[in-house]
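Encoded as structure tokens, the structure appears first; notes follow it.
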Amino acid sequence: MGSDTVPQADEAYRQRMERWAEAPGVEFASARVRAAYQERVGLLWDAIELRKPKRVPVAPWMGLFPLRYCGFTARDAFYDREKLEKASRRFHEDFAPDTLQGSMAMVPGEVFDILDYRMFDWPGHGTADDASYQYREAEYMRDDEYGMLVDDLGGFWLQRFLPRVFGALEPLGSLPAPTDLVEMYSVAPYLAAFGEPAMQQMLKKLAEAGRAAARWLDDVLAIDTSILSTMGMPELGGGVTKAPYDILADTLRGTRGSMLDRFRRPNDILAAVERLIPVAIDWGAGSSEDVDCPLVFMPLHKGADGFMSDADFREFYWPSLKAVINGLIEQGLVPLLFAEGSYNDRLEVIADPDIPTGRTVWMFDTTDMVAARDHLRGFACFGGNVPGSLLKVGTPEEVDTYVRGLLESVAGDGGFILSTGIVVDDARPENIMAMMEAGRRYGRAV
Amino acid sequence: MTKAADHASDHELRLRTELIHAIVGMREDEAILLAQRLIEGGVCAAEILDSSRRAMKVLGQRFENGEVFIPELIMSGEIMRGIAHELEPHLEAATGPTKRGRLVLGTVAGDIHDIGKDLVGTMLSLAGYEVVDLGVDVASSRFVDEAKAAPTDIVALSGLLTLAFDAMKAAVDGLAEAGLRPRVKVMVGGAPVDALVCRYVGADDWGADAPAAVRLADEWLGR
């Protein structure tokens, strides 16, 4: 199972993995911390390459849990980086995960406020102070805009999509095409559009948002670097990207719109996901550029069980996702596929012989893990699965039993990472602790 | 009955069968066209609606068998909406069947997910229940107020976030404090909801999908 990689991809992969292990830009607090960091990378490296690590790495996905654990609100995650830092530090100290819960996932409310971001509600802006951010389902692309998406992607994004999702960028909708700038005579007439009061206001807002975003980036990188260098936890995920179908169905057409398009304009969907393949590859590779971590986080949504038939998954979802996976692997990257919901009906398809062995990581939520092991054995590292509901409403004893059972049934061959099925916002701290301890205890024996 | 009338009813029967096939086959334009032809042929709107409901029943069954999925349910809901639009001028207000029970539905406080909730509402309405949809981010007190406002059989709570569990619990507790339990049954649903969550929030039962909601309602109301 699994195809071979080309030599250039192997070399790029080896270099990226070594940089991950070396962390060349990091000044570790001590040799002991450096050793702890490298030991953890080693556990993950073994798992990725389907070997059996000394113990199973324990790598939970944390959303707002660290803030709630410290008595802070979800709003603090979006607006108060002192509290974010306190929460992040305390979480890592108290629970000692094998991976860093990166602060980049805690996005800046201030930037969204300035730009009047309309695609999401977030705490302090549409949702309660203690609730998570939530996506606002809408058709941010109309069903008659497929042609423009495919023929003029940049124009669509700049003049149609951005003005719809950012209130402050509405003037972009009336921006003349930059291709008008052909000769000297067209420069001033073109630029006059930027002198209009609405456009001037937009440019001011953009500058303001840009400064706020740069401050945020400095702050969150400082938080993460500080934890990495003093506690020795590597990040499991540097870059990020999405499946082309999810870019279309999450972001552009919405769940409902994309499901109706499936029957009304199936060929438009196929053309759109094809067009989005290089977009997704470039996003994943670009966001990995300055990060010394080869893993590219890819949350998968609309291809889960129940969201489409097996035949549709094979036709509409998988071919473009596979192209992105292989495009990233060719650049030495390791796609980390975070399959939300259940993937039981997809296991046969995703164990695709066109994808190189040991170059992907699959993280599952409610998927049957024994079936996942059977399909992915000898092909791809996998993990996840401790249920969010159990962590929220179960007891530490129940969590311990669950983790032990999971490890005993699927981790024995290696190539396994213990994790949460979902990104955890709300859970009983004693349950998270029980998961971490059970992972460390039973993860050695299997 | 005359021979001509017999012939007409054969024709009508064939069109009604074609209508069912068109809906089940997700052929939207054809389904709407067939509905129009049936109206033009003088078939009563209630009967056309009845055929459409039969198609939805077939789809519900196929969904339970794992043969069709959420897109087919959403698309068929859309086709039904189109047919209902065609029939509207021909439907007499008083001819609607008696409702099978009153159900208050909503996504709980702090959560704005609506796709699953809407699908549950559509399926229950098609099954003949009176559905009062309170929308998303619904405060627990609103479920209580609505359940008090008219005799209510079932309150159905939806949520996609783990944060929704406490809001569901608050709604169930609110119904109990208002003395509405156990007369009013409570069902919960949403991706992270399972038996453990159902027990935690104090609901009577839970469902993994929209047909499960219909099944529970049928079971509870003994129909």
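What follows draws every value from the coordinates through simple rules; no lab data is involved. Everything numeric here is computed off the predicted structure, so don't read it as measured data. Glycine gets a Cβ as well: all are built from the backbone with ideal geometry, and neighbour counts include every protein chain shown.
Semi-axes of the equivalent ellipsoid for segment A:395-446, please: Cα gyration tensor eigenvalues, times 5, square-rooted, ordered largest first, whole Å. Intermediate values should be presented prior to the final figure.
Working: eigenvalues 74, 29, 14 Å².
The three semi-axes for segment A:395-446 are 19, 12, 8 Å.
Report, please, the projected area of segment B:3-95 averaged over directions, based on the convex hull of its C-alpha atoms, in nm².
6.3
Before rounding to the nearest 500, sum -39500 (n - 2.57) across all DSSP H runs of length at least 4 in chain B and divide by the residue total; then give [θ] at 222 nm in deg cm²/dmol. If you can, show how the numbers build up before the last one.
Working: 9 runs with 127 residues, N = 223.
My calculation for chain B gives -18500 deg cm²/dmol from helical runs alone.
Considering only A:M369, B:L33, A:P429, whose Cα is most displaced toward the positive end of the charge dipole of the protein assembly as shown, charges sitting on Cβ of Lys, Arg (+1) and Asp, Glu (-1)?
Among A:M369, B:L33, A:P429, the one farthest towards the positive end of the dipole of the protein assembly as shown is A:P429.
Could you work out how far apart the two model spin labels at A:A192 and A:E315 are, taking each label as a point 7 Å from the Cα in the direction of the beta carbon, and quote it in nm?
Taking the two extended label points, one gets 5.2 nm.
Simple spin-label model, 7 Å along Cα-to-Cβ: B:R14 to A:K52 in nm?
That separation, rounded to one decimal, is 7.0 nm.
Per-residue ellipticity at 222 nm for chain A, helices alone: DSSP H runs ≥ 4 residues times -39500 (n - 2.57), over residue total, nearest 500 deg cm²/dmol?
Values: 19 runs with 225 residues, N = 446.
Helix-only estimate at 222 nm: -15500 deg cm²/dmol.
Which pairs break 22 Å Cα to Cα here: A:K302/B:K57; B:K99/B:K185; B:K117/B:K185?
Over 22 Å Cα-Cα: A:K302/B:K57.
As a footprinting exposure proxy, order A:D80, A:D365 by other Cβ within 10 Å, with the fewest listed first.
Going from sparsest to densest Cβ surroundings: A:D80, A:D365.
Only four residue types carry charge here, +1 at the Cβ of Lys and Arg and -1 at the Cβ of Asp and Glu. Report the dipole size of the protein assembly as shown about the Cα centre in Debye, rounded to the nearest 20.
Roughly 1260 debye for the protein assembly as shown.
Hey, how many Å between the Cα centroid of segment A:161-191 and the Cα centroid of segment A:4-67?
Cα centroid to Cα centroid, the span is 44 Å.
For A:M62, which sequence-distant residues (separation of 5 or more, or a different chain) have an amide H within less than 5 Å of its own amide H, given hydrogens modelled in the peptide plane?
Here the answer is A:V424, since their amide H atoms fall under 5 Å of that of A:M62.
What residue among A:K54, A:K204, A:K242 has the largest mean-square fluctuation in a Gaussian network model of chain A, using Cα springs under 10 Å?
Highest fluctuation of the listed residues: A:K204.
What FRET efficiency do you get for A:V6 and B:D173 if R0 is 56 Å and r is their Cβ-Cβ distance, rounded to the nearest 0.05?
0.40
Using amide H atoms built in the peptide plane, which far-off residues or other-chain residues are under 5 Å from A:L100 H to H?
The answer is A:E235, A:L236.
Across the residues of A:303-314, average count of Cβ atoms on other protein chains within 10 Å?
Neighbouring Cβ atoms belonging to other protein chains average 3 per residue here.
Of the candidates A:L270, A:L248, A:L191, which one comes out as most mobile in a Gaussian network treatment of chain A with C-alpha springs shorter than 10 Å?
Result for chain A, Cα springs under 10 Å: A:L191 fluctuates most.
Based on Cβ point charges of +1 for Lys and Arg and -1 for Asp and Glu, what charge dipole magnitude is obtained for segment A:1-122 about its Cα centre, in debye rounded to the nearest 20?
Magnitude of the dipole: close to 480 debye.
Using every Cα-Cα pair within the protein assembly as shown, state what percent have a distance larger than 46 Å.
Summing the P(r) of the protein assembly as shown above 46 Å gives 23 percent of all pairs.
So how strong a dipole does segment A:138-292 carry about its Cα centre when Lys and Arg Cβ are +1 and Asp and Glu Cβ are -1, to the nearest 20 debye?
520
Over chain A, calculate the relative contact order: mean separation of alpha carbon pairs under 8 Å at least 6 apart, over the residue count, as a percent.
Rounded, it is 24 percent for chain A.
Report the one residue of B:V184, B:V201, B:V214 whose Cα lies farthest in the direction of the positive end of the charge dipole of segment B:167-223 (charges on C-beta: Lys and Arg +1, Asp and Glu -1; origin at the Cα centre).
B:V184
If I take every Cα pair under 8 Å that is 6 or more residues apart in segment B:102-220, average their sequence separation and divide by the length, what percent do I get for the relative contact order?
Computed over segment B:102-220, the figure is 28 percent.
Would you be so kind as to identify which of A:G155, A:P176, B:V131 lies farthest towards the positive end of the dipole of the protein assembly as shown, taking Lys and Arg as +1 and Asp and Glu as -1 on Cβ and the Cα centre as origin?
It is B:V131, whose Cα lies furthest towards the positive end.
Hey, which lysines would be in cross-link range of A:K86, C-alpha to C-alpha under 24 Å, not counting anything within fewer than 8 residues on its own chain?
Within the straight-line limit of under 24 Å, A:K86 reaches these lysines: A:K392.
Could you give the length gained by full extension between A:E208 and A:R444, i.e. 0.36 nm per residue of separation minus their alpha carbon distance, to one decimal place? Present the calculation step by step, with values, prior to reporting the outcome.
On the way: separation 236, 0.36 × 236 = 84.96 nm, distance 5.09 nm.
Here the answer is 79.9 nm.
Pairs of alpha-carbon atoms within less than 8 angstrom and 6+ residues apart define the contacts here; what relative contact order does segment A:60-176 have, in percent?
22
Counting only DSSP beta bridges with both residues in the protein assembly as shown, tell me the antiparallel percent, nearest 5. Walk me through the numbers on the way to the answer.
Values: 4 of 50 bridges.
In the protein assembly as shown, DSSP labels about 10 percent of beta bridges as antiparallel.
For segment A:281-288, what does the Karplus curve 6.51 cos²θ - 1.76 cosθ + 1.60, with θ = phi - 60°, yield as ³J(HN,Hα) per residue in whole Hz, taken in order and with x for Gly and Pro?
Whole-Hz 3J(HN,Hα) from phi for segment A:281-288: 5, 5, 5, x, 6, x, 6, 8.
Using Cα springs under 10 Å in a Gaussian network model of chain B, which residue among B:A149, B:A176, B:A127 shows the largest mean-square fluctuation?
With Cα springs under 10 Å in chain B, the top fluctuation among B:A149, B:A176, B:A127 is at B:A149.
Which whole-percent values make up P(r) of chain B when all C-alpha to C-alpha distances are grouped in 10 Å steps starting at zero?
Cα pair-distance distribution for chain B, in percent: 8, 31, 30, 19, 9, 3, 0.
Given the Cα-Cα distance of A:N344 and A:E289 and 0.36 nm per residue of separation, how much length would full extension add, in nm?
Between A:N344 and A:E289, full extension yields an extra 16.5 nm.
Tabulate in residue order the Karplus-calculated ³J(HN,Hα) for segment B:68-82, using 6.51 cos²θ - 1.76 cosθ + 1.60 with θ = phi - 60°, rounded to whole Hz; enter x for Gly and Pro.
10, 9, 4, x, 5, 5, 5, 5, 5, x, 5, 5, 4, 4, x
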